[in-house]
Every structure is written in structure tokens, then in C-alpha cells.
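The values are calculated or read from the model by the stated rules, or taken from the named source; none is laboratory data. All of these numbers come straight from a predicted model, not from anything done at the bench. No Cβ is skipped: glycine too gets one built from the backbone with ideal geometry, and neighbour counts run over all protein chains shown. For the accessible areas, the whole protein counts, side chains as well, though only heavy atoms, and no ligand, DNA or RNA atoms are used. Shrake-Rupley method; radii C 1.70, N 1.55, O 1.52, S 1.80 Å.
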Amino acid sequence: MAEQLDLTTPIVATRTTYVAQTITLDFPNAVIKAGLLGSDGVVVNIEWTGAAATTLMVALNKANLTTTSLQKRVLQQAVTDGKLPAGTVSGTPL
């Protein structure tokens, strides 16, 4: 099973998880975009811009991804920043 965010409280009865489908790091324009697929088939797009994006990109670029994957870091940061509801990441990195 790929990594997913298991929501503490489902958004709707059928959307209990999110899986990262796309992650775009746009360094020149200071933008991070992530496309997330909900367990109900709904795609949710989130993004960071400006200084917040630059700070996160630098941290991701320097991170040791052997202990915590890129997808997990992005999902956790989205929860921390209030872009996604609370939950925990489960599964195995692809």
C-alpha cells in the first residue's frame, strides 16, 4: 500500500484518506503544488507560494528521505499548515 493520509474525521463518509498523485516543486516561481486523490475519487489541489514555498522547498531539498519520504513530508506539512484536515500517514513509500 502506498503512503496515504488517514483522516481523523472523514470529510464525507466515503472520503477517509488522501494519496499524493502529483507534487510539483517550482523553484523559480516559488510555488509548490500537490494533487491529492481522496478515497472517494475527488481530486484536491493544494499549494504553497512565496516565502512559505521557498522555505519548504529548501527543507525538502536538504531532507534525508530515507527515514521520511517526500510524499509523507508533504502530507504532514499540509496538515500542519491547515491545508488538509488532521490525520496520520500510513503505508509504505513507493
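Based on the alpha carbons, how large is the Rg to Rh ratio for the chain when Rh follows Kirkwood? Spell out each step's value before the answer.
Numbers: Rg = 12.9 Å, Rh = 13.5 Å.
Using Cα coordinates only, the ratio equals 0.96.
Return a whole-number percent for the relative contact order of the chain, with Cα pairs under 8 Å and 6 or more residues apart as the contact set. Don't skip to the end; give the middle numbers.
On the way: 151 pairs, mean separation 32.5, N = 94.
Value for the chain: 35 percent.
If Lys and Arg each add +1 and Asp and Glu each add -1, what is the summed charge of the other residues whose beta carbon sits under 12 Å from the beta carbon of Asp26? Mind dumping the intermediate values first?
On the way: positive: Lys33; negative: Glu47.
Residues close to Asp26 contribute a combined charge of 0.
Report, to the nearest whole %, how much of the accessible area of the chain belongs to carbon and sulfur atoms, 1.4 Å probe, protein only.
Values: 2910 of 5320 Å².
Ligands and nucleic acids excluded, carbon and sulfur reach 55 percent.
Which value, in Å², gives the accessible area per residue of the chain when a 1.4 Å probe is used on the protein heavy atoms? Write out the running numbers ahead of the final one.
Details: 5320 Å² over 94 residues.
In whole numbers, the chain has 57 Å² accessible per residue.
What is the Cα centroid distance between the stretch 73-94 and the stretch 1-34, reported in whole angstrom?
So the separation of the two Cα centres works out to 7 Å.
Which net charge results for the neighbourhood of Gly38, defined as the other residues with beta-carbon distances under 15 angstrom from its beta-carbon, given Lys and Arg at +1 and Asp and Glu at -1?
On the way: positive: Arg15, Lys83; negative: Glu3, Asp6, Asp40.
Net local charge, Gly38 excluded: -1.
Sequence-distant or interchain residues sharing an amide H contact under 5 Å with Val31, placed H: which?
Distant-sequence amide H within range of Val31: Asp26.
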